[in-house]
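Working notes, structure below.
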Amino acid sequence: MTTDSAEAATAVDKTIHNFLHWKADILPHLKVALKADPDFGFGHAVNGLILHGARNIGFRPKIEHALAAAKAVESGMTQRERLYIKALEQAAVGKIADSVAVYETILAHYPTDLLAQRLSQMELFWIGEMRWSAEISGRVASHWNKDVASYGVHLSCRAFDLEETHRFDEAERLGRQAVEIDPTDVWGAHAVAHVLIMQGRYDEGVAWLDGLKHNWADANQMVLHLWWHRCLFHLERGEFDAVLDLYDSWVRNRELPLLKAMPDLYIDMQNGASMLLRLELRGVDVGNRWDELAELTVKRLEDHTSPFTSAHFAVILAATRHFDKAEQLLRSMHEFVLHDTGTLGPRFGVATIPAAEAAIAHRRGEHQRVVDLLMPSRQMLWQMGGSHAQRDLFFLLLADSAHRLGRQDLVSIVLDDIAAAGFTDPAGRIGYRQPAASLH
């Protein structure tokens, strides 16, 4: 790292270590680094990249400031550091695919650069390109072994790539291996949780997460997402009271330090919206739990940093019957599609907008419109980003509307879609059981 300050270098190293290990304690170390060396270009680049990863339009001025500060001293930096600045430059203007191509270049020269591997996976996950992510982790895998520092982090990244590309056995093996190496590895735990939900192993899922929950004290928001996964397992077992209890205690407990610090972080908003809607689809009264999500959402109608999150914003606004705000969100998304020159605009057009409109139509009881919107777009919903387990929410809406319309022909097609997404026994899953029963 190009800096004359050992303190700054040590602090950025700690920042990166904590980021890679999903710790909450990240930004304080960056502040120490940039105070010790205000001209630490790589430190500014890391700061910009972490802020970009929060996917919040409100951080744009800080990201642009970090980029400018890094570029001001770029000429004296190493080629590797300059590549990170280039990745930030592309990401800052929404050229996500271009940013990932830069990470691939870094990994071609430094295959054990975990920061490049993790950042590329995060970017690709949120545009639905997990095959590309699996290619990247597969390309560097031969350079890793137990003697390389943070081997478990590589394994957990690789495990999630494998899970999302349906290589479940290897994904589970590597995820469990990562957790054996480091029991606090929430990403490894997460990869295994995904395998278990996809394969319908709900009892094992509850036991897996229950056995690890005491290891997560220092983790970032991923810990709340693991509790969301725990809710999924209980939901499939029909244990709705347990789901609500975990939702209130963990998933959207606004008294938790993580949620106090940033209540509208994109993944937390997704967690809340999707779980409440899943419960309502099962006839559960969720009370006023939507309201705090809506209060946060109405401030984000012009934020198009995350296609998958924007679709959930529509879910939230429709659930609270803020249909005027929902229409405002849709207009803003259409405007974004017209003018965006990056990676996200087309994805909003083919995936996010149809999903958002369908969520609004479903809430209004316009089931034919749900079918009209999602049947042609459902095979493109992956472009919103998110996992198979997360995008399942919109297939649940489609199945529900098709069933209400008596369209068994469409229910059959949706069940085939769910099987193709990698779920074991779609007809046996709680959200599809009733529509599937109408086929017999």
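Taken over segment 390-430, the criterion of being surrounded by 21 or more Cβ atoms within 10 Å (Cβ to Cβ) and of a type in the set (Gly, Ala, Ser) is satisfied by Ala399, Ser401, Ala402. Within segment 28-37, if we keep just the residues that are touching a residue at least 24 places away in the same chain (Cβ under 8 Å) and not charged (D, E, K, R), the residue that is surrounded by the most Cβ atoms within 10 Å (Cβ to Cβ) turns out to be Ala33. In segment 46-62, the residues that are under 17 Å from Asn18 (Cβ atoms) reach residues that are at pLDDT 95 or above and outside any helix (DSSP H, G or I) with C-beta atoms within less than 8 angstrom, at least six apart or across chains, in these pairs: Ile50/Ile26; Ala54/Met262; Ala54/Leu265. Residues of segment 60-88 that are touching a Lys or Arg at 6+ places or on another chain (Cβ under 8 Å) and either loosely packed, with under 15 Cβ neighbours inside 10 Å or more than 21 Å from Ile136 (Cα to Cα) (or both): Glu74 alone. In the list His65, His21, which residue meets the criterion of being more than 24 Å from the chain's Cα centre (by Cα), at pLDDT 95 or above and not β-branched (Val, Ile, Thr)? Just one listed residue meets the conditions, His65.
Here the condition is being assigned by TED's automatic domain parsing to the domain that holds Leu49 and touching a Ser or Thr at 6+ places or on another chain (Cβ under 9 Å); of Leu115, Leu83, Leu162, it holds for Leu83 alone. Cβ-Cβ contacts under 6 Å between residues 6 or more apart (or on different chains), taken from a first residue in segment 310-335 that is within 13 Å of Arg363 (Cβ to Cβ) to a second residue that is of a type in the set (Lys, Arg), are listed as Leu317/Lys325; Ala318/Arg363. Only a single criterion out of (1) touching a residue at least 40 places away in the same chain (Cβ under 8 Å); (2) assigned to a loop (DSSP other than H, G, I, E, B); (3) over 22 Å from Phe308 (Cβ atoms) is not satisfied by Leu244, namely (2). Somewhere in segment 355-369, is a residue under 22 Å from Ile57 (Cα atoms), among the aliphatic types (A, V, I, L, M) and at pLDDT 95 or above? Within segment 355-369, one or more residues are under 22 Å from Ile57 (Cα atoms), among the aliphatic types (A, V, I, L, M) and at pLDDT 95 or above. Here is a check on your reading of the model: is Phe125 surrounded by fewer than 24 Cβ atoms within 10 Å (Cβ to Cβ) and in contact with a helix residue (DSSP H, G or I) (Cβ under 6 Å, 6 or more places away or on another chain)? Judged against the criteria, Phe125 is not a match. Return yes or no: is Ala273 in the same structural domain as Ile316 (by TED's automatic domain parsing), touching a helix residue (DSSP H, G or I) at 6+ places or on another chain (Cβ under 7 Å), free of Cβ contacts under 8 Å to residues at least 40 places away in the same chain and more than 30 Å from Glu170 (Cβ to Cβ)? The answer is no for Ala273.
For the criterion of being of a type in the set (A, V, I, L, M), surrounded by fewer than 19 Cβ atoms within 10 Å (Cβ to Cβ) and closer than 21 Å to Ala193 by Cα, Ala437 fails.
Residues in segment 75-112 that are in contact with a Leu (Cβ under 8 Å, 6 or more places away or on another chain) and outside any helix (DSSP H, G or I): Gly94 only.
So for segment 348-360 (the condition being out of contact with any Ser or Thr (no Cβ under 6 Å at 6 or more places or on another chain), without any contact (Cβ under 8 Å) to a residue 12 or more places away in the chain and either under 27 Å from Ile96 (Cα atoms) or in a loop (DSSP other than H, G, I, E, B) (or both)), does at least one residue qualify? Checked against the condition, which is being out of contact with any Ser or Thr (no Cβ under 6 Å at 6 or more places or on another chain), without any contact (Cβ under 8 Å) to a residue 12 or more places away in the chain and either under 27 Å from Ile96 (Cα atoms) or in a loop (DSSP other than H, G, I, E, B) (or both), segment 348-360 yields no hits at all. Checking segment 299-312 against the condition returns a match, with at least one residue being over 19 Å from Asp392 (Cα atoms) and among the polar types (S, T, N, Q). Across segment 289-311, the qualifying residues are those that are assigned to a helix (DSSP H, G or I) and farther than 14 Å from Ile57 by Cβ, and the one among them that is nearest to the chain's Cα centre (by Cα) is Phe308. If you go through segment 265-288 and keep only what is surrounded by 18 or more Cβ atoms within 10 Å (Cβ to Cβ) and in a loop (DSSP other than H, G, I, E, B), you end up with just Leu265.
Among the residues of segment 94-117, those that are in contact (Cβ under 8 Å) with a residue 40 or more places away in the chain and over 25 Å from Phe348 (Cβ atoms) comprise Thr112, Leu114, Leu115, Gln117.
The values are calculated or read from the model by the stated rules, or taken from the named source; none is laboratory data. In this text the structure is predicted, and so the values were computed from the model without any measurement. When we count neighbours, we look across all protein chains shown, and the Cβ atoms used for this are built from the backbone with ideal geometry, even at glycine.
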